[in-house]
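Just below is one structure, and these are the notes that go with it.
Read-outs: derived from the displayed coordinates by stated rules, not from any lab. What you are looking at is a predicted structure, and each value in this text was computed from that prediction instead of being measured. Because the Cβ atoms are built from the backbone with ideal geometry, glycine has one as well, and the counts that use them run over all protein chains shown.
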Amino acid sequence: MKNSIIFILLVVAATFGLVFSAKHMSKGGTAAAPDFTLKVLGEKDKTLQLSSLKGKAVLVNFWATWCEPCKVEMPWLVELQRKYGPQGLQILGVAQDDSDEETILAFSHKMGLNYPILQGNNHMNDLYPSQGLPLSVYVDRNGKVVQRVVGLVSESVMEDAIKQALGQGSSSDSTKSTASAK
Amino acid sequence: MKTNLLALFGVMLVLLAGVARAQEQTDKVTADPIDDQKVRLGGSVPLQFNFHVKQGFHINSNQPTEPELIPTRLTFSLPEDLVIGKLKYPPGSMISLAFDPKTKLSVYSGDVVVHAALLTQSKSATGNYTVHAELKYQACDDSACYPPKRLPMAFNVKIVSGARSGPKARPNAQSPHIHN
């Protein structure tokens, strides 16, 4: 009986640890990234389907104009797209914003974004649920999610995850950099 | 025994996941209830709205430093017999967050008090009314921001006849509908 109680307490402690550490970062590796088709802002009648990018590593970055940490990571994303684009990376910015297209585009231009900006919607909240922004979902060349990160992390953590998605090695210790970004 | 433990384990997992999700979805701002108000015809009463920002979070002040940021704003839905005088928001605290030390943000954290005045007009009718108010805010923590939310509130007001107990309603006070 005593052993059972100890076992239960251990299970509870371990589960709490797992649940709360998963709040910000979780590793995928087996789950397919939910497919979506979204309007490309600034390009008339053009849409983009995630599954059409199979063969590329994709970083789906959810953001909003009112999200200050999203803004902080944008210059890093621009640099990472420039650096890893030729190796097969495609960053997609999904604007989860109530602002109109003109406002979102003006903001994107101001930030100098060099990757497509897609108009998010409520359905994307169902496909990629997250309470907070930014949300970055790293998808490998086979369309599998390799990492999902809520909140701002350092540029090196993002680069690490991109390399993992590109198949250039796995992210070593992601939690250390989450802390360093704070 | 083993089966019982496994079942218990399963139940705990579900419960803990639920607790974690509920915590994430908890409102980042709460409001104190507002007492019933009594105001004389042609008079006014001061109002105080007390909000509490959850520890570890901040919300933009009423005058954020950047145009894209969503200001904290209190709006009202009033019967025609009542008017809200100019709202007085506290000044925001200027902070820089660890992730972006160069940018200054004007934010509220902890306890936030907004003052206002509730006025009647000379043509107002005596009686009982309900005022609906709503705080719109957008919260962030050290690394993430959360979608804008609305916090609804309501309080009762009784307009009574009698001598004026406060300043007369100003003709240029806000219109008796939705305000900020």
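Details
- Inter-site label distance for B:D111 and A:T37 at 7 Å from Cα along Cβ, in nm: 5.6 nm
- Computed label-point distance, nm, for sites B:A154 and A:D45 using a 7 Å Cα→Cβ extension: 4.9 nm
- Per-residue average of Cβ from other chains inside 10 Å of A:61-70: 6
- Mean separation of Cα contacts under 8 Å (6+ apart) over length of the stretch A:24-180, as relative contact order %: 32 percent
- Inter-probe distance in nm under a simple model that places probes 7 Å from Cα toward Cβ, at B:K123 and B:K136: 2.9 nm
- Dipole magnitude for the stretch A:96-169: about 400 debye, using +1 per Lys or Arg Cβ and -1 per Asp or Glu Cβ, origin at the Cα centre.
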